[in-house]
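The structure under discussion appears below in the form of structure tokens.
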Ligand code: SF4
């Protein structure tokens, strides 16, 4: 197992209070496996990504749990050990290419510096590696010494991918890797990511609000809501035979890359505020299947069938998949 996350909870200090942004997240992945996290904005998926790298904002902290990467517990490691794990063992493609790259520094210099900071290589070796990684992400090495503003959106994203991979990590987190791109660049970047996953034997963790991107790129998916995983399993099973009302609504609210859904549904209401999380199921105020128990008792995560975990009191009883659209049906 390459990454094992156990009971991970993350809090932010707002005023005098600590508010839970991620609650009791569990998952594990082997080499070359992929897992996508989907959910509406504010569901905790990006916070989870930053917690995995120990890159939380100053007011954020891991309040509970373990992050074991290659047998090392990152939560209880010294800062130095965390820094050496970052980049070399786990790396990230940040959400916004423009904030990931320093606008006043040539891209090649940024990549070379990142490599020399984390590995004992000479400048000559670092330049050769930077050229090689540029080739691998489909940019001519002759453009290494250009500034970010000289690149198109798609090329900037490729450069950010090059930066994330320069130390040959085992695990790559892609945080909304295609969000700011036009449709053509989105497809190219997605195809590039999958090609690089194969080439580098990467374990891929993808964060996206776009469920069709995750459906295409990841073999497993976790649906997050209110800071918790609500449903997790193989992508095919979660999207074709969802056992959670939120997953189903999320699928029906999103245009598919594969076929047209007759009518998009709107998810009623708003996601819960961290300051006022419901006592029972976090989805209860918006769920049309909610019963009294949903408002008073938190549903436990349980295996409803092999490789399928669901947090809903009525996961086995509800049948809302009959005749419904499936994201993966072509
Ligand atoms: Fe809906 Fe109740 Fe299931 Fe929550 S536990 S998703 S409120 S049916």
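Bear in mind these aren't lab numbers, they're just calculated from the coordinates by the rules spelled out. Every value quoted in this text rests on a predicted model; they were computed, and no experiment measured them. Note that we place each Cβ from the backbone using ideal geometry, even for glycine, and neighbour counts take in every protein chain shown.
Overview of results
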item	result
Residue 99 paired with residue 18, simple spin-label distance in nm, labels 7 Å along Cα-to-beta-carbon	2.5
R0 of 25 Å, Cβ-Cβ distance residue 302-residue 64: FRET efficiency to nearest 0.05	0.80
Cβ crowding within 10 Å averaged over residues, with 86-93, 110-117 ranked highest first	86-93, 110-117
Highest-first arrangement of 234-243, 181-190, 305-314, where packing means the average Cβ count within 10 Å	234-243, 305-314, 181-190
Linear extension gain, residue 191 paired with residue 40, 0.36 nm per residue minus alpha-carbon span	52.0 nm
Label-zone membership for the range 97-127, site residue 145, 7 angstrom Cα→C-beta point, backbone N under 19 Å	102-116, 122-127
Rounded to whole Å, sorted largest first: equivalent-ellipsoid semi-axes of the chain, Cα gyration tensor	35, 23, 17
Relative contact order %, the range 109-194, counting alpha carbon pairs below 8 Å whose residues are six or more apart	28
Pairwise FRET efficiency - residue 289 versus residue 263, Cβ, R0 = 25 Å, nearest 0.05	0.80
Projected label distance in nm at residue 123 and residue 201, using a 7 Å step from Cα toward the beta-carbon	3.4
For peptides 278-288, 55-65, sequence by mean Cβ density within 10 Å, most packed first	278-288, 55-65
Rounded, prolate or oblate (a/c below 1.5 giving rounded, otherwise prolate when a/b exceeds b/c) for the range 8-107 by Cα gyration tensor	rounded
Segment residue 28-residue 275, length gained on full extension (0.36 nm per residue, minus Cα span)	86.0 nm
The range 244-310: relative contact order in percent, alpha carbon pairs under 8 Å with at least 6 residues between	24
Reduced Cα scattering model of the range 244-310, Debye log10 I(q)/I(0), q = 0.23 Å⁻¹	-1.07
Relative contact order [Cα under 8 Å, 6+ residues apart], the chain, whole percent	19
DSSP beta bridges in the range 3-218 [antiparallel fraction, %, rounded to 5]	60
The range 80-216: C-alpha gyration tensor shape, a/c 1.5 cut-off, then a/b vs b/c	oblate
